[in-house]
Amino acid sequence: MKIKVAAVQMNATENFPENLKAAECYIKEAIEKGARLILLPEFGLMNYGLTLQIRVKAEPLKGITYQWLKKLCTEYGVYIGTCVLEREEDDFYDTFVLVGPNENELWTHRKIEPAGSESCLFKGAGLKSNPNVFDTPLGKIGIVICFDTAKSQTAESLETLGAEILLISCAYPELPSMLPGAQKDSWREIFQDAPTSYARFLGIPVVLSNKCGRFSSRVEGLPVGVETNFAGSSKIVDAKGNVISALDGKEGVLIEEIDIEPKVKRTDFNLKNRWFLPYTLFIRFMANASAKFAKRYYRRYKNKK
């Protein structure tokens with residue numbers, strides 16, 4: 001089956017209504033060009049930071065973002081996905097929501113492991129009772145949220161559950177200037193290659209949507225801040241791992257027709273290692289260490305708004 005897909009690349013400000021307006025322009029552009037499945041970045045409609053202040057933007061699963069998406073999907077007969085900061089009772093999650101035009105068409109997947117300091121802000125959901133493949137009228141759609149791409153458990157679950165197309169929703173920044181140049185280059189290259197790696201492993205097309213623009217934030221629980229840019233590099237990749245459409249650091253929308261069947265014979269990957277993507281030892285150490293600290297911080301401050 002062939003369908004047209006779209007990846008929106010954009011930034012978001014503190015002005016939520018303006019973010020909705022900007023996203024809707026890109027969505028309508030994609031619809032006018034025939035897209036039926038449209039992907040927005042992780043937290044595509046809210047300004048993202050690494051402090052507890054983002055919790056004021058949390059919403060229930062069927063909150064304002066869902067209502068806005070449902071209206072568009074119903075009106076235009078399309079499927080749209082993005083991530084929201086979900087609040088469920090006293091816990092917070094980074095939750096991908098895929099909304100369709102028909103009644104009760106809502107599929108959700110929570111981020112499996114928050115990346116580093118994100119663990120201060122919201123909780124990882126793991127994979128138990130949190131599948132990352134949805135059985136939809138468009139086929140079996142796999143979902144990965146940003147740095148979850150790094151882990152073998154993510155790739156293994158996508159393969160086991162039989163994903164036919166993969167959506168990767170990201171708010172992936174460049175590393176800050178204080179870190180060594182070789183680490184920054186490796187960090188960037190691995191992210192840029194991630195959709196190709198997944199396409200070759202699974203033998204399916206991949207759509208990646210990332211934020212672009214400035215990323216500036218304090219880091220919760222630490223006397224430091226982050227000043228850098230989002231990495232951009234949104235892509236649409238075919239089942240053989242060929243990049244068929246890409247954006248660099250500017251806002252815009254990619255629209256391409258893809259074939260979700262049949263699967264291409266995959267390239268073998270070693271899933272015995274925890275890390276699916278080849279991040280450096282330095283990056284792995286920093287990610288694990290910061291996440292360990294942040295999880296304790298979350299438990300202590302999870303009720304703080």
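Here are some notes:
- Residues that are aromatic (Phe, Trp, Tyr) and either more than 23 Å from the chain's Cα centre (by Cα) or at pLDDT 90 or above (or both), drawn from segment 261-292: Trp275, Phe276, Tyr279, Phe282, Phe285
- Filter result (touching a strand residue (DSSP E or B) at 6+ places or on another chain (Cβ under 6 Å) and aromatic (Phe, Trp, Tyr)) within segment 67-91: Tyr79
- Residue within segment 59-69 that is under 21 Å from His109 (Cβ atoms), in contact with a Phe, Trp or Tyr (Cβ under 7 Å, 6 or more places away or on another chain), surrounded by 23 or more Cβ atoms within 10 Å (Cβ to Cβ) and among the hydrophobic types (A, V, I, L, M, F, W, C) present: no
- Matching residues, segment 217-239, being in contact (Cβ under 8 Å) with a residue 40 or more places away in the chain and out of contact with any helix residue (DSSP H, G or I) (no Cβ under 7 Å at 6 or more places or on another chain): Ser217, Arg218, Leu222, Val226, Glu227, Thr228, Asn229, Phe230, Gly232, Ser234, Ile236
- Within segment 78-102, residues that are in contact (Cβ under 8 Å) with a residue 24 or more places away in the chain reach partners that are in a strand (DSSP E or B) and of a type in the set (Gly, Ala, Ser) with beta carbons closer than 6 Å, at six or more positions or on different chains, in the pairs Cys83/Ser169; Phe96/Ser169; Leu98/Gly81.
- Any chance Leu121 is under 25 Å from Ser152 (Cβ atoms) and aliphatic (A, V, I, L, M): yes
Yes or no, residue by residue, for (1) more than 30 Å from Ala22 (Cβ to Cβ); (2) of a type in the set (Lys, Arg):
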site	(1), (2)
Gly213	no, no
Arg218	no, yes
Leu254	no, no
Lys292	yes, yes
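- Among the residues making up segment 162-192, those that are at negative phi and either more than 19 Å from the chain's Cα centre (by Cα) or without any contact (Cβ under 8 Å) to a residue 24 or more places away in the chain (or both) are Pro176, Ser177, Met178, Leu179, Pro180, Gly181, Ala182, Gln183, Lys184, Asp185, Ser186, Glu189.
- Members of segment 250-265 found to be in contact (Cβ under 8 Å) with a residue 24 or more places away in the chain and more than 23 Å from Ile31 (Cα to Cα), listed by number: Lys263, Val264, Lys265
- Just one of the numbered conditions (1) modelled with pLDDT of 95 or more; (2) outside any strand (DSSP E or B); (3) not small (Gly, Ala, Ser) is not true of Pro176: (1).
- The requirement of being in a helix (DSSP H, G or I) and within 30 Å of Arg300 (Cβ to Cβ) is fulfilled somewhere in segment 15-24, by at least one residue.
- Only one of the listed residues (Ala30, Ala7) is under 21 Å from Ile204 (Cβ atoms), outside any loop (DSSP other than H, G, I, E, B) and in contact with a Ser or Thr (Cβ under 8 Å, 6 or more places away or on another chain). That residue is Ala7.
- Within segment 129-144, the set of residues being more than 16 Å from Leu106 (Cβ to Cβ), surrounded by fewer than 23 Cβ atoms within 10 Å (Cβ to Cβ), in contact (Cβ under 8 Å) with a residue 12 or more places away in the chain and not basic (Lys, Arg) comprises just one member, Gly139.
- Taken together, the criteria exclude Leu61 from residues that are assigned to a helix (DSSP H, G or I), in contact with an Asp or Glu (Cβ under 8 Å, 6 or more places away or on another chain) and farther than 17 Å from Lys211 by Cβ.
The values are calculated or read from the model by the stated rules, or taken from the named source; none is laboratory data. Quick caveat: nothing in here was measured; it's all calculated off a predicted structure. Here the Cβ is made from the backbone with ideal geometry for all residues, glycine too, and neighbour counts use every protein chain on show.
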